[in-house]
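A.B. asks: Submitted below is the structure of interest, expressed as structure tokens.
The values are calculated or read from the model by the stated rules, or taken from the named source; none is laboratory data. Please read these numbers as outputs of a predicted model, since none were measured by experiment. A quick note on method: Cβ atoms are made from the backbone with ideal geometry, for glycine too, and the neighbour counts reach across all protein chains shown. Only protein heavy atoms, including side chains, enter the accessible area calculation; ligands, DNA and RNA are left aside. Shrake-Rupley method; radii C 1.70, N 1.55, O 1.52, S 1.80 Å.
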Amino acid sequence: MSNLKEPSFRESVDLMFNRAVALMDLSPGLEEKIRVCNATYTVRFGVRLRGAIHTFTGYRSVHSEHMEPVKGGIRYSLGVNQDEVEALAALMTYKCALVEAPFGGSKGGLCIDPRQYEEHELELITRRFAYELAKRDLIHPSQNVPAPDMGTGEREMAWIADQYARMNTTDINARACVTGKPLNAGGIAGRVEATGRGVQYALQEFFRHPEDMAKAGLSGKLDGKTVIVQGLGNVGYHAAKFLSEEDGCKVIAVIERDGAIHDENGIDIEELRNWISRHDGVSGYPTGRYVKEGSKVLEEKCDILIPAALEGVINLSNAANVKAKLIIEAANGPITAGGDEILRKKGIVIIPDMYANAGGVTVSYFEWVKNLSHIRFGRMQRRQEESRHQLVVDELEKLSESLGKTWTLDPKFKEKYLKGAGELELVRSGLDDTMRTAYQSMREVWHERDDVTDLRTAAYLVSIAKVAASYRAKGL
Ligand code: NAD
């Protein structure tokens with residue numbers, strides 16, 4: 001079977017890294033220093049549940065400490081292993097460098113299927129895992145700051161933050177030990193939607209460049225483009241929701257664990273999400289066609305394919321059959337190195353994971369800054385901004401009065417103009433700016449260098465150059 005030749009996730013990341021550094025002028029020593037994972041801590045701990053002791057295995061891997069704290073999510077999944085955690089930690093290093101979030105790369109994971117446990121059991125397990133990591137400074141506001149990933153969310157982050165605070169009662173910055181917390185526990189507006197929102201901003205930016213669209217055989221606007229999404233979890237749900245509700249995209253298929261729903265007329269994302277949460281899957285959904293072998297739908301015709309579930313889903317066995325024009329990697333590592341090569345040869349444009357899903361870490365960065373500054377974004381300026389705008393509106397209305405009211409301000413304009421930016425608006429603005437700037441840095445390399453023919457290599461070149469500069473400046 002062709003799948004046998006498939007490299008592991010970490011080897012895939014290394015292969016992609018190697019392809020990029022071959023085009024750079026780095027000393028072999030520095031190249032190796034950047035590639036390798038600095039440390040991976042494995043912990044096995046017991047928790048008493050249902051009258052017996054259960055042993056769990058968890059990891060926290062630190063890829064690069066050229067900047068500290070290091071940052072990266074904590075994943076709860078039965079598939080978690082050292083190789084995967086190290087690959088994800090490496091991607092975090094490159095991702096943070098690309099979007100200029102001042103962190104090194106890290107990642108953590110616990111081998112567990114969270115759906116098999118009650119909430120109070122998950123709390124016990126999470127607190128114990130957090131304790132094991134915190135006592136080794138693998139959770140720490142200035143050393144290592146986790147965030148949500150597959151299988152974890154606000155709830156787990158709140159438990160982790162509280163566990164750290166209990167262990168460090170005099171640390172005034174304790175809340176900055178983890179991001180992705182609920183708003184009432186030191187979180188930031190817009191963090192839950194951030195990764196999906198970032199995918200939307202990335203696509204909006206891509207569609208601002210006709211030459212880039214042309215490379216994918218696309219033209220026009222996002223409006224009306226057909227989309228297939230794999231995984232309607234945090235990232236996939238928000239991306240699909242915003243693209244369909246705000247940009248006019250038509251989501252024609254959603255692939256989940258138990259199969260896919262295909263509907264050429266477009267799927268109502270909110271309705272399907274509600275169905276999934278009530279029925280634990282897509283099967284039985286009343287509209288569209290149900291496809292039992294969901295992964296086959298990755299091969300259906302569409303303009304934009306959004307793998308937003310797990311790694312390695314487009315690989316040597318199916319890449320040749322993929323018909324999408326553009327793939328945006330909302331998940332981490334959804335395309336293997338072998339799959340990537342096949343897709344590139346077919347002329348399919350890939351917006352790479354390290355850029356495409358960087359919205360999460362970007363807003364995590366804002367949350368960390370908010371926690372350290374102990375003040376909500378916009379609190380000082382908002383009303384002042386509104387009163388300055390009011391002055392302009394009052395002056396214009398006086399003018400209109402003096403001209404016999406021959407014209408008036410549109411009430412909708414007035415409402416929008418007078419509203420000062422709150423935290424959510426500021427977070428979205430900062431995220432949009434980050435996604436645009438990072439895209440431009442990648443596309444510059446993509447278009448200017450003859451030896452760079454894809455966005456992934458361009459992304460690696462930009463980020464490795466930044467990490468290398470940082471190591472050089474430190475004197476290693
Ligand atoms: P999640 O747990 O919220 O959602 C994952 C979804 O994928 C779920 O709906 C699940 O049912 C579905 N799924 C699982 N296995 C599947 C399969 N075999 N086929 C189809 N669907 C399947 O996770 P998430 O936070 O949305 O993360 C998804 C991906 O995005 C991961 O690769 C993660 O590393 C990456 N990511 C997440 C964030 C974040 O902020 N949450 C940030 C950056 C990257």
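A.B. asks: What is the one condition in (1) within 15 Å of the ligand (Cβ to nearest atom); (2) more than 26 Å from residue 7 (Cα to Cα); (3) in contact with a strand residue (DSSP E or B) (Cβ under 8 Å, 6 or more places away or on another chain) that residue 107 does not satisfy?
C.D. replies: Here residue 107 meets the rest and fails (2).
A.B. asks: Test each condition in (1) more than 16 Å from residue 235 (Cα to Cα); (2) among the charged types (D, E, K, R); (3) in contact (Cβ under 8 Å) with a residue 24 or more places away in the chain for residue 270 and report the one that comes out false.
C.D. replies: (1)
A.B. asks: When the residues of region 219-237 are filtered to those that are within 20 Å of the chain's Cα centre (by Cα) and open to solvent by less than 20 Å² (accessible area, probe 1.4 Å), which remaining residue is farthest from residue 311 (Cα to Cα)? Walk me through it before giving the result.
C.D. replies: Our first condition is that a residue be within 20 Å of the chain's Cα centre (by Cα); within region 219-237, this holds for 227-237.
Of the ones still in play, those that are also open to solvent by less than 20 Å² (accessible area, probe 1.4 Å) are 227-232, 236.
Numbers: 227: 19, 228: 17, 229: 14, 230: 11, 231: 11, 232: 15, 236: 14 Å.
The selected residue is 227.
A.B. asks: Taking the options 15, 49, 30, name whichever one is touching a helix residue (DSSP H, G or I) at 6+ places or on another chain (Cβ under 8 Å) and assigned by TED's automatic domain parsing to the domain that holds residue 147.
C.D. replies: So the residue among 15, 49, 30 that is touching a helix residue (DSSP H, G or I) at 6+ places or on another chain (Cβ under 8 Å) and assigned by TED's automatic domain parsing to the domain that holds residue 147 is 49.
A.B. asks: Just to be sure, is residue 88 within 16 Å of the ligand (Cβ to nearest atom), surrounded by 15 or more Cβ atoms within 10 Å (Cβ to Cβ) and farther than 30 Å from residue 466 by Cβ? Give the steps one after another, and end with the answer.
C.D. replies: On the way: within 16 Å of the ligand (Cβ to nearest atom): yes; surrounded by 15 or more Cβ atoms within 10 Å (Cβ to Cβ): yes; farther than 30 Å from residue 466 by Cβ: no.
No.
A.B. asks: Also, quick follow-up: Quick one: which of 260, 214 is under 19 Å from residue 327 (Cβ atoms), open to solvent by 20 Å² or more (accessible area, probe 1.4 Å), hydrophobic (A, V, I, L, M, F, W, C) and modelled with pLDDT of 95 or more? I'd like the intermediate steps shown before the answer.
C.D. replies: Values: 260 fails: open to solvent by 20 Å² or more (accessible area, probe 1.4 Å).
None of the other options fit; the residue is 214.
A.B. asks: Looking at region 54-68 only, could you name the residues that are within 26 Å of the chain's Cα centre (by Cα) and open to solvent by less than 40 Å² (accessible area, probe 1.4 Å)? Quick ask: steps written out before the conclusion?
C.D. replies: Keep residues of region 54-68 that are within 26 Å of the chain's Cα centre (by Cα), which gives 57-68.
Passing the criteria: 57, 58, 59, 60, 61, 62, 63, 64, 66.
A.B. asks: Please pick out the residue among 342, 269, 328, 304 that is touching a helix residue (DSSP H, G or I) at 6+ places or on another chain (Cβ under 6 Å), aliphatic (A, V, I, L, M), open to solvent by less than 60 Å² (accessible area, probe 1.4 Å) and more than 14 Å from the ligand (Cβ to nearest atom). Reasoning before the result, please.
C.D. replies: On the way: 269 fails: more than 14 Å from the ligand (Cβ to nearest atom); 328 fails: more than 14 Å from the ligand (Cβ to nearest atom); 304 fails: touching a helix residue (DSSP H, G or I) at 6+ places or on another chain (Cβ under 6 Å).
Among 342, 269, 328, 304, only 342 is touching a helix residue (DSSP H, G or I) at 6+ places or on another chain (Cβ under 6 Å), aliphatic (A, V, I, L, M), open to solvent by less than 60 Å² (accessible area, probe 1.4 Å) and more than 14 Å from the ligand (Cβ to nearest atom).
A.B. asks: Still on this model: Those residues that are within 18 Å of residue 78 (Cβ to Cβ) and open to solvent by 60 Å² or more (accessible area, probe 1.4 Å), I need them from region 23-53; list them, please. Talk me through it step by step, then tell me what you get.
C.D. replies: Step one: list which residues in region 23-53 are within 18 Å of residue 78 (Cβ to Cβ), which gives 42-45, 47, 49.
Listed by number, the list holds a single entry, 44.
A.B. asks: Within region 376-390, can you find the residues that are outside any loop (DSSP other than H, G, I, E, B) and among the polar types (S, T, N, Q)? Break it down into steps so the answer makes sense when it comes.
C.D. replies: In the first step, residues of region 376-390 are kept if they are outside any loop (DSSP other than H, G, I, E, B); the result is 382-390.
Result: 384, 387, 390.
A.B. asks: Could you tell me which residue of region 457-476 is farthest from residue 93 (Cα to Cα), considering only residues that are open to solvent by less than 50 Å² (accessible area, probe 1.4 Å) and not hydrophobic (A, V, I, L, M, F, W, C)?
C.D. replies: Among those that are open to solvent by less than 50 Å² (accessible area, probe 1.4 Å) and not hydrophobic (A, V, I, L, M, F, W, C), it is 457.
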